[in-house]
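What follows is a short report on a single structure.
The values are calculated or read from the model by the stated rules, or taken from the named source; none is laboratory data. Note that this is a predicted model, so its numbers are computed, not measured. For neighbour counting, all protein chains shown are included, and Cβ atoms are generated from backbone atoms with ideal geometry for every residue, glycine included.
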Amino acid sequence: MPSTEVSIDARLFHRRARGLVNHWKKSNGPDDSFQNVNTLLVVLGDMSDEDNVYQKTTALQIWLFGYELTQTLMLFTPEALHIVTGSKKAKILESLKQWEGQQFPVEIHARTKDEAHNEELFQKMTDIMAKHGNRVGIFAKDTQTGAFANAWKVALEGSNKSFENVDVSGGFADVFAIKDDEELRYTKSATRLSSLLMKNWFIDEMSKIIDEERKITHEKFAEKTEDVLLDEKMFKKLKFPADAASGNPEWCYTPIIQSGGDYDLKTSAVSNEKDLHAGTIICSLGVRYKSYCSNIGRTFLIDPNKTQEKNYTFLLDVQRKVFESMKEGTKIKDVYNRAIDYIRNKRPELEKKFVKNLGFGTGLEFRESSYLLNSKNTKELQRDMIFSVSVGFQDIDNPKAEDEQSKKYSLLLIDTVRVTQESPQLLTVCDTSLSDVSYFFKDPAEDEEEPVKKETGAHTRAAKSAVLNTKFRSEVDEASKDQSRKEHQKLLADQKHAEGLERYGDAGSLKKDNAKSVFRKFESYKRESALPKEVSSLRIIVDQRNDTLVLPIYGLPVPFHISTLQKVTKTDEGEFFYLRLNFITPGQPGKKDDTPFDNPNANFVRALSFRSADGPRMSEIYNQILELKKNAVKKESERKEMADIVEQDKLIEVKGKRPPRLPDVFARPGLDGKRSGELEIHSNGLRYVSPLRNENRIDVLFNNIKHLFFQPCDGELIVLIHCQLKNPIMIGKKKTEHVQFYREASDAQFDETGNRRRKYVYGDEDELASEQEERKRRAALNKEFKQFGEKITELSDNKVEVDVPFRDLAFNGVPFRTNVLLKPTQDCLVHLSEAPFLVVTLADVEVVHLERIQFGLKNFDMVFTFKDYFQTPIHVNTIPMSQLDNVKDWLDSMDIVFYEGPVNLNWGPIMKTIQEDPAEFYKEGGWSFLAIESDAEDSEESASEFEASGSDFGSSSDESSYASDASNDSGGSDSGSEEDEESGEDWDALEEKAKRADDKKFGGSKREADSDSDNDRKKKRKR
């Protein structure tokens, strides 16, 4: 490579070289991974062996220089680095000495065509090694070939010096394990490419092959997948970032595809020559980006049975447990052992099927053997380590196999994660839920019917009757769907309860992070000379400037800050006027003692009374004190409101080029009324600029964006990009955690008064043209905003992902005061079209309670409770009852536990009870108390259902004759027997009876009903 094309980052080199040598110097003692060596020797010969791609030697060179330098020798001493290389490479490396910052000493020795000179250089290196000691650290597993490597071996053997070679691969593995910011950025890019290949290529191609019943071998399929990354024309189709090609993406290994009962879950597995089988398919693949590796693996189930679904769901639970264990400071062996313990307790029959290790550390080397996630590794996890985590069960027996190849199957999930202080950050993004990996291609009619079990008792009699429970197949499907949902909810509820018991254990009452009051000191005056001049008169002084009352006590002016005053009262008694001042003190009766004091045992002034015959003066002081107290309370409330305002970092503007812009957009909250501006994407955030004054800006940093939404204008008046912030910011004088940028999609903003087209249209043809133009304009707006949102994701290095609301799943509700359309997204439930905005993050939701689920009501309510028990539950009221099943299906698909009940609950006392003792709450059943009322309602309904029997059919003729008589009776007579009165009650009377029974059941409480209730209609007379 010509020298002009190579540029070495000197700053990065010196920083990493210093870090390496410092780690080496500090590694002393029994756990010394460098094994007390005196020097470190790294030699790279020729790179002709393709199978030798993962070596510590090349990894070190890429880590330091960013390139592989063949025919190069590096000798580290505690003081300096000596490099022996060719003249061209030496010229490039000279730039390292020109770095103006803190340097690590580097000595560069250039080889020439003079063999004698080259031998002198090698002799010099052996002398340096001997000077520091005979223990030399090398990479024992790396083998070097070529003339340069051979010449060094000859020089070393002819030096007449005895050296002891020591393998220091483990020491370098420790150095490589913790990634810096640049390494993390490259790793994230690699994981994104792997995820996109899995989502946008393999899954689509695999499903097409199975659906079309095409024949293809695993090996051929793997080669076809491998060719995708080699063709840059496919990058756009795969939705790769625009700069993906610049990172030289390549495969970490040839993709591994397995199916048909023959599985190998080891990293060294290869795709065999057998045909792809429509059963359990496992695919694993990994992409390198700028030499940094990633790994992802998924299992796909084709027409799975219940046992396979159950085992896969359990595998997801095991993976979740593994991720929960992978925290900074945890020993690697503990992660594996906790997974084994969980399997042993829950599903002991699967313990022997579990993988022998949970993966390995990865980076410049795909598999770092020093960081295997197994039961023996005593190394501790540290922040910013990267691991390929693999959980799986191998060769599980399938008792319901439909063919020979399906008798055994395996399950595998592989993800690349980053270790953090809490749960690891998942870098590979590809859905793993059961619904996303299950594919059903068979016609349900082809499934074999389950054998009918013999029933006894009432069930047997009902089965013999001629009346069917359902008349249509659709009702059978609906019942099956409802039953499946109930089973899934029961599983989720059990998991939620187990998590609560594990999380809180024997914990006492919860403490809110900011609930602890802090004693605040107020200093009215720093010195006596700062007191107002009026104090010499020994009168009550109200100092508005310093928020202080100066009161005369025993001939001395004593200042009291207004915050110490509880209340002031003024009374008249005869010719005198009294002013009483009550101060805040500890242990006041009838008040919660939550005010902090510096020393509660000190002596406090509780009250002071002043008497005067000057009524106007006392009234003036009284009004001044009230005004001062009012202003102080206002300031304190503003201070508390602004307490959660976090100052953002400064926006780093794009230099040297124009940033991507979205013109003619409005902002909410607005800056200059309703005037449009421009939204720009900069290095670390977004900036909205007002067109009138350039200093009017709204800066939103990527690290402060919690959710980013793009909502198209389909069925809406505006198209928008919405940011929900992690921490609120100030825009003007308003505090907000929602910032929205939108453009109107209606005709109102288009000028139709010019010559472009007529202002008035009369014919149908003009109206059709106008509608077509409207559709085109809306499509163009959607495209423009969507592309801008994708650009935000791309330029933020995937720190911010765009979420799009699903209008097909939308339902109406009242979250605030008005009825609005609520739209689910991938991660949230949102209302963004107008303020006030609603964003419910589903990951923060604990359980959902559906209220007012009663027969006859047209609406129901929904309450979201959160994992943070101090967060106020969110109520969404007046949801149409017709949307009940859709809401249930949506909640169930998002794995959210929900309950339903007939009445609205008072959530304030409920949450307070949980906060006081969450451990006791979960020991007593946790959230299952919400299911009690629902179960009671279900039992009452089932008890009142019609049961077919002989007597029922015997009475049908009597009922028919009664119906005939009732239809002929138009006189409305009140005569008749008591039996006729009982059997002849109309529906209104029956409903009134049921209402009275319900009122009696619920303690006479007023039942809620919707506005369309028929309470006002007249009753029909009894027969």
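Below are the figures for this structure:
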| item | result |
| --- | --- |
| Subset of region 25-43 that is modelled with pLDDT under 90 and either touching a Ser or Thr at 6+ places or on another chain (Cβ under 8 Å) or assigned to a helix (DSSP H, G or I) (or both) - its residue that is farthest from Gln98 (Cα to Cα) | Ser33 |
| Every residue from region 362-385 that is buried (at least 22 other Cβ atoms within 10 Å of the Cβ) and either β-branched (Val, Ile, Thr) or in contact with a Leu (Cβ under 8 Å, 6 or more places away or on another chain) (or both) | Thr362, Leu373 |
| Single residue of region 215-239 satisfying the filter (touching an Asp or Glu at 6+ places or on another chain (Cβ under 9 Å) and part of a loop (DSSP other than H, G, I, E, B)) that is farthest from Ile257 (Cα to Cα) | Lys239 |
| Pick from region 808-822, criterion of a type outside the set (Ser, Thr, Tyr) and either touching an Asp or Glu at 6+ places or on another chain (Cβ under 8 Å) or more than 18 Å from Leu891 (Cβ to Cβ) (or both), ranking: modelled with the lowest pLDDT | Arg817 |
| Output for region 530-555, where each listed residue is surrounded by 13 or more Cβ atoms within 10 Å (Cβ to Cβ), in a loop (DSSP other than H, G, I, E, B) and in contact (Cβ under 8 Å) with a residue 24 or more places away in the chain | Leu531, Ile540, Asp547 |
| Some residue of region 517-529 being in a loop (DSSP other than H, G, I, E, B), modelled with pLDDT of 80 or more and surrounded by 12 or more Cβ atoms within 10 Å (Cβ to Cβ) | yes |
| Residue within region 825-842 that is surrounded by fewer than 16 Cβ atoms within 10 Å (Cβ to Cβ) and among the aliphatic types (A, V, I, L, M) present | yes |
| Of residues in region 341-371 being in contact with a helix residue (DSSP H, G or I) (Cβ under 9 Å, 6 or more places away or on another chain) and polar (S, T, N, Q), the one nearest to Ala190 (Cα to Cα) | Thr362 |
| Residues within region 185-200 that are surrounded by 19 or more Cβ atoms within 10 Å (Cβ to Cβ), of a type outside the set (Val, Ile, Thr) and over 13 Å from Ala244 (Cβ atoms), tallied | 1 |
| Residues located in region 363-393, provided they are of a type in the set (S, T, N, Q) and at pLDDT 95 or above | Ser388, Ser390 |
| Looking only at region 64-91, and only at residues there that are in a helix (DSSP H, G or I) and crowded, with 21+ Cβ neighbours inside 10 Å, the one that is farthest from the chain's Cα centre (by Cα) | Lys89 |
| Restricting region 240-251 to residues that are assigned to a loop (DSSP other than H, G, I, E, B) and of a type in the set (A, V, I, L, M), the residue that is surrounded by the fewest Cβ atoms within 10 Å (Cβ to Cβ) | Ala242 |
| Residue in region 73-80 that is farther than 22 Å from Arg135 by Cβ, among the aromatic types (Phe, Trp, Tyr) and modelled with pLDDT of 90 or more present | no |
| Sole residue being under 22 Å from Ile178 (Cα atoms), outside the structural domain of Asn798 (by TED's automatic domain parsing) and not in a strand (DSSP E or B), chosen from Thr416, Thr428 | Thr428 |
| Where a residue in region 556-584 is within 21 Å of Ala613 (Cα to Cα) and its partner, wherever it lies, is hydroxyl-bearing (Ser, Thr, Tyr) and modelled with pLDDT under 85, with Cβ under 9 Å and at least six apart | Pro557/Ser536 |
| Enumeration of residues in region 178-214 that are touching a residue at least 12 places away in the same chain (Cβ under 8 Å), outside any helix (DSSP H, G or I) and basic (Lys, Arg) | Lys179 |
| Qualifying residue in region 339-350 (condition: in contact with a Leu (Cβ under 7 Å, 6 or more places away or on another chain), more than 26 Å from Glu183 (Cα to Cα) and touching a residue at least 40 places away in the same chain (Cβ under 8 Å)) | yes |
| Asp231, sole failed condition from (1) surrounded by 14 or more Cβ atoms within 10 Å (Cβ to Cβ); (2) of a type in the set (D, E, K, R); (3) within 14 Å of Glu250 (Cα to Cα) | (1) |
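The rows are residues; the columns are (1) outside any strand (DSSP E or B); (2) closer than 28 Å to Asp341 by Cα.
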residue	(1), (2)
Tyr253	yes, no
Ile257	no, no
Thr267	yes, yes
Thr299	no, yes
Leu315	yes, yes
Lys321	yes, yes
